[in-house]
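One structure is given below, encoded as structure tokens.
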């Protein structure tokens, strides 16, 4: 849930404030603190839009462009999802962020026995390109950027998206997708993995390489500190792990003979925002700077655009509480504020009811309105990086930077992120801290309003999103129809070609595109990969 | 010395959110129990086989996706078929209040939605395992 630790005396005066990343906050900051930490306004800050981009990657920040809002949406059948997409767009949402159900995330068709009870439950069910044709019907795919929250089978889903867009008549160089496509964080924090670490990273490399050549407006990977933070790590570790994961993907592509400036522009990040306001703002500022330094010094990037840390900052799921759910509306507003003060280019917010259910339309709209109020009424578009120069914020930004570098070094010492995940080092670290945090809450050493303090009051009834078994039946019916109507001999041949390419270590994307056009299913394509690559085994961390 | 309680913490189905399961596993271990964790993406059959092999007293299911009703229903039916109803089943995760009576009807008595204090669930497990033996 993410809070700092406060040590108080018997008069309730605060003696110590210890942020989650381990930094102690002083009662007062002065110019001397900046001197002590070696703050150099030229080197550490520069102007917005200038290296090292601490103040933002655009010279005019939100003056030139408001942030993109992209609420996570999707449930039931593609038709239901399409209706919700249109609703959110009609209310001013400027991008889409597609939620897929668990069978799709795990590469299973809707009629797979393992999918029973899960079809369309936490996101939209997708079996074949037919489902995408329905989900994106009437959506201007040349104007609306689409986040695809999919990882283990990101290659398949991106191919399906391209095939759909082309079928609708959009040119491939006009569509802008952001497949999440970050498998290492799934192995650390979210759990939707299928194949072993190395072939999984290979597939990510295939997507990056393919986008570089074929889909210039598509961001091939959205590296997620977000879910690792949700699983229990500190804000400093969130950034350090995300960067080391990104470095792993970078090296996968460099090993194929490309130059860093050829492809790294397409990298984006998905970072979390909950916890202490100042720590969050400092985190984003430090992260922008360190990413630029990482690219320049570690990989020798020369193109300015290669150095931009771009991404979606938002969410804040673990900061939300099940107790007194309406409080989450207020928390959400502060998290969005922190994201804006941190210079987020794209944002999303967990809805107040998400500890109970996937968001109802009312809750999703409230999140959208939160962003709109910040941008239209509160003054967040007035000036770029408004907290710059604050004794406290600049000191804290430097301190966060040090903490992040320290955590990155630990991963380097292990031999990189692939090793750190295969041995369970990161998973162990994250689980340990999640436990310590929970103990802190239960013992009352850490405070969450409504959870272990100010718990009085009436309980609010949350309206639950109803799971419709009929949606699953409808989905399975459509899948069976597709299997009957398509040219099955052709599909078998396309899958065979895919298998050959995977075995040879060719880039699989062009083969997936053909499979998708031929109405092969997600389950069928995944099965090919399972046969070639095998399956991931979790390291035992206890 | 008293025999240690053996508990299987299980992640059933496709949901991969295991923060809660891992936190609870650590709490139960610190409370002196022997904890076995299945890892992710387990089918009901896999969970029951592990429970039998490991000779556990308790199965603790962690479910966050909303699929607790179909999963629990299947698990309880299969336990009857396999004649292992003596193993106590507890469930934690995102469990709406209105589903608690339905889970109880299936024969699940220990229901601990997210946020339940460890003290409470640990006490419940200890008492219920004791009264069985």
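Name every residue in segment A:378-396 that is free of Cβ contacts under 8 Å to residues at least 60 places away in the same chain and closer than 14 Å to residue A:289 by Cβ, in order of residue number.
Scanning segment A:378-396 gives no hits.
Taking into account only those residues within segment A:120-139 that are in a loop (DSSP other than H, G, I, E, B) and touching a strand residue (DSSP E or B) at 6+ places or on another chain (Cβ under 9 Å), which is farthest from the other protein chains (Cβ to nearest Cβ)?
Ranking the qualifying residues of segment A:120-139, first place goes to A:139.
Can you pull out every residue in segment A:201-230 that is within 14 Å of chain B (Cβ to nearest Cβ) and either over 21 Å from residue A:177 (Cβ atoms) or surrounded by fewer than 22 Cβ atoms within 10 Å (Cβ to Cβ) (or both)?
Hits for segment A:201-230 are A:228, A:229, A:230.
Kindly establish whether residue B:92 is within 14 Å of chain A (Cβ to nearest Cβ), assigned to a loop (DSSP other than H, G, I, E, B) and in contact with a strand residue (DSSP E or B) (Cβ under 8 Å, 6 or more places away or on another chain).
Considered against the rule, which asks whether it is within 14 Å of chain A (Cβ to nearest Cβ), assigned to a loop (DSSP other than H, G, I, E, B) and in contact with a strand residue (DSSP E or B) (Cβ under 8 Å, 6 or more places away or on another chain), residue B:92 comes out as no.
Looking at A:396, A:374, A:380, A:387, can you tell me which residue is more than 27 Å from residue B:37 (Cα to Cα) and in contact with a strand residue (DSSP E or B) (Cβ under 8 Å, 6 or more places away or on another chain)?
A:396
Can you tell me how many residues within segment A:318-354 are modelled with pLDDT under 90 and under 18 Å from the mean Cα position of the chain (by Cα)?
1
Restricting to segment A:355-365, count the residues that are over 19 Å from the mean Cα position of the chain (by Cα) and either modelled with pLDDT of 95 or more or not in a helix (DSSP H, G or I) (or both).
3
Could you identify the single residue in A:163, A:192 that is under 19 Å from the mean Cα position of the chain (by Cα) and in contact (Cβ under 8 Å) with a residue 24 or more places away in the chain?
On inspection, the qualifying residue turns out to be A:192.
Taking into account only those residues within segment B:99-110 that are within 14 Å of chain A (Cβ to nearest Cβ) and under 16 Å from residue B:62 (Cα atoms), which is surrounded by the most Cβ atoms within 10 Å (Cβ to Cβ)?
B:99
Does residue A:399 satisfy the condition of being in contact (Cβ under 8 Å) with a residue 24 or more places away in the chain, within 29 Å of residue A:250 (Cα to Cα) and either outside any helix (DSSP H, G or I) or within 14 Å of chain B (Cβ to nearest Cβ) (or both)?
no
Mind telling me which of the residues B:3, B:22 ends up being under 19 Å from residue A:541 (Cα atoms) and out of contact with any strand residue (DSSP E or B) (no Cβ under 6 Å at 6 or more places or on another chain)?
That would be B:22, the only listed residue that is under 19 Å from residue A:541 (Cα atoms) and out of contact with any strand residue (DSSP E or B) (no Cβ under 6 Å at 6 or more places or on another chain).
For residue A:477, indicate whether it is farther than 24 Å from residue B:70 by Cα, free of Cβ contacts under 8 Å to residues at least 40 places away in the same chain and part of a helix (DSSP H, G or I).
Judged against the criteria, residue A:477 is not a match.
Among the residues in segment A:60-68, are any modelled with pLDDT of 95 or more and under 23 Å from the mean Cα position of the chain (by Cα)?
Yes.
Is one or more of the residues making up segment A:452-459 touching a residue at least 12 places away in the same chain (Cβ under 8 Å), out of contact with any strand residue (DSSP E or B) (no Cβ under 7 Å at 6 or more places or on another chain) and assigned to a helix (DSSP H, G or I)?
no
Any chance segment B:49-58 includes a residue that's without any contact (Cβ under 8 Å) to a residue 60 or more places away in the chain and in contact with a helix residue (DSSP H, G or I) (Cβ under 6 Å, 6 or more places away or on another chain)?
No, segment B:49-58 has no match at all.
Restrict the check to segment A:470-486 and report whether at least one residue is under 30 Å from the mean Cα position of the chain (by Cα) and at the interface with another protein chain (Cβ under 10 Å from one of its Cβ atoms).
No - not one qualifying residue is present in segment A:470-486.
Could you grab me the full set of residues in segment B:32-61 that are within 10 Å of another protein chain (Cβ to nearest Cβ), within 12 Å of the chain's Cα centre (by Cα) and in a loop (DSSP other than H, G, I, E, B)?
Result: B:38, single match.
Select from segment A:433-451 the residues that are in contact with a strand residue (DSSP E or B) (Cβ under 9 Å, 6 or more places away or on another chain) and touching a residue at least 60 places away in the same chain (Cβ under 8 Å) and write down the one among them that is nearest to the other protein chains (Cβ to nearest Cβ).
A:440
Restricting to segment A:415-432, name every residue that is surrounded by 17 or more Cβ atoms within 10 Å (Cβ to Cβ) and either free of Cβ contacts under 8 Å to residues at least 24 places away in the same chain or in a helix (DSSP H, G or I) (or both).
Correct list: A:417, A:418, A:420, A:421, A:422, A:425, A:426, A:427, A:429, A:430, A:431.
Does segment A:100-121 hold any residues that are surrounded by fewer than 23 Cβ atoms within 10 Å (Cβ to Cβ) and closer than 18 Å to residue B:17 by Cβ, and which are they?
A:114, A:117
Can you pull out the residues in segment A:379-391 that are over 25 Å from the mean Cα position of the chain (by Cα) and either part of a loop (DSSP other than H, G, I, E, B) or closer than 13 Å to residue A:66 by Cβ (or both)?
Scanning segment A:379-391 gives A:379, A:382, A:383, A:386, A:387, A:388, A:389, A:390.
Condition test on residue B:28, is it at pLDDT 95 or above and in contact with a strand residue (DSSP E or B) (Cβ under 9 Å, 6 or more places away or on another chain)?
Criteria met by residue B:28.
Residue by residue, here is whether (1) surrounded by 10 or more Cβ atoms within 10 Å (Cβ to Cβ); (2) under 27 Å from the mean Cα position of the chain (by Cα); (3) in contact (Cβ under 8 Å) with a residue 24 or more places away in the chain holds:
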position: A:16; (1), (2), (3): yes, no, no
position: A:27; (1), (2), (3): no, no, no
position: A:42; (1), (2), (3): no, no, no
position: A:50; (1), (2), (3): yes, yes, no
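Limited to segment B:111-125, what total is found for residues that are more than 14 Å from chain A (Cβ to nearest Cβ) and at pLDDT below 95?
0
Within the bounds of segment A:157-180, is there any residue that is surrounded by 24 or more Cβ atoms within 10 Å (Cβ to Cβ), at pLDDT 95 or above and part of a loop (DSSP other than H, G, I, E, B)?
The answer is yes; a qualifying residue exists.
Take segment B:1-31 and flag every residue that is more than 10 Å from every other protein chain (Cβ to nearest Cβ), buried (at least 21 other Cβ atoms within 10 Å of the Cβ) and assigned to a strand (DSSP E or B).
B:7, B:8, B:10, B:12, listed by residue number.
Kindly indicate which of A:184, A:203 is closer than 26 Å to residue A:519 by Cα and either assigned to a helix (DSSP H, G or I) or modelled with pLDDT under 95 (or both).
Going through A:184, A:203 in turn, just one is closer than 26 Å to residue A:519 by Cα and either assigned to a helix (DSSP H, G or I) or modelled with pLDDT under 95 (or both): A:203.
The values are calculated or read from the model by the stated rules, or taken from the named source; none is laboratory data. Since the model is a prediction, treat every value here as computed from it, not as a measurement. Ideal geometry is used to build each Cβ from the backbone, glycine not excepted, and the neighbour counts take in all protein chains shown.
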